[in-house]
Amino acid sequence: MPLLRPMRADDLDAVLAVQAQCYPPAMQEAGAVVLARLRAAPATTLVACDAAGVCGYLFAYPSVYGKVTPLGAPFDVAPVPDTLYLHDLAVAPRALGSGLARRLVRRMLAPGTAGALARAALVSVQDSRAFWEAMGFAADRDGPADPASRAALAGYPDGALYMTRLP
Ligand SMILES: CC(C)(COP(=O)(O)OP(=O)(O)OC[C@H]1O[C@@H](n2cnc3c(N)ncnc32)[C@H](O)[C@@H]1OP(=O)(O)O)[C@@H](O)C(=O)NCCC(=O)NCCS
């Protein structure tokens, strides 16, 4: 079973390799941005490692309810957060279907961890809505609040959905 641990800077190439396997070209985020995110919010990152190395990851950061991270933008860590924003969850094809994504999310949201905030939020992409619903998330009735976040959501591919979860 893959081991979970916080991400490190020397995981960058392996994380980008997993990203390349999981997303189409239009959704690839630049290495410099991924590294900056790790530096901005190291306590709310996880990687999963099997014998071949990193096979999954989860990026999150302390944010506020209603705010959406634009695709490709750095994390804007909130000084007074009320929401853990899950920006990117990906599992390499070799590790799919074994409950790894569920483990990563549960670990991140567990009480007493750095990521533990009352609410969690995310933008569901690539038909992942049902996965997130099974993890306790629901399509947010109001959607993102401010114009910048609405524009950020519109910058994702069709079908992107703002979802939130209360404890
Ligand atoms: C979505 C993703 C992370 C799931 O990874 P995974 O490790 O295969 O998921 P798990 O094995 O933990 O699956 C948990 C449950 O969710 C289901 N599930 C997995 N992916 C799903 C999806 N896209 N839609 C609906 N259900 C899904 C599984 O069948 C499983 O349910 P079960 O236990 O009843 O069989 C993976 O498909 C992935 O990396 N996709 C590409 C990146 C992506 O789109 N990420 C989502 C960003 S919002």
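The residue list 40, 121, 90 contains one member that is out of contact with any helix residue (DSSP H, G or I) (no Cβ under 9 Å at 6 or more places or on another chain) and within 12 Å of the ligand (Cβ to nearest atom), which is 121. Any chance the range 107-114 includes a residue that's among the small types (Gly, Ala, Ser), under 28 Å from residue 20 (Cα atoms) and within 14 Å of the ligand (Cβ to nearest atom)? No: the range 107-114 contains no residue that is among the small types (Gly, Ala, Ser), under 28 Å from residue 20 (Cα atoms) and within 14 Å of the ligand (Cβ to nearest atom). When 74, 62, 70, 81 are checked against the criterion of being in a strand (DSSP E or B) and touching a residue at least 12 places away in the same chain (Cβ under 8 Å), 62 stands alone in meeting it.
Of the residues 84, 71, the single one that is closer than 28 Å to residue 97 by Cβ and touching a strand residue (DSSP E or B) at 6+ places or on another chain (Cβ under 6 Å) is 84.
Would you mind finding the one in 16, 12 that is outside any strand (DSSP E or B), within 15 Å of the chain's Cα centre (by Cα) and not small (Gly, Ala, Ser)? Spell out how you get there, then give the answer.
Numbers: 12 fails: within 15 Å of the chain's Cα centre (by Cα).
Of 16, 12, the one residue that is outside any strand (DSSP E or B), within 15 Å of the chain's Cα centre (by Cα) and not small (Gly, Ala, Ser) is 16.
Computed from the coordinates by the stated procedures, all read-outs in this text should not be read as laboratory data. Quick caveat: nothing in here was measured; it's all calculated off a predicted structure. So basically every Cβ, Gly included, is an ideal-geometry build from the backbone, and we count neighbours across all protein chains shown.
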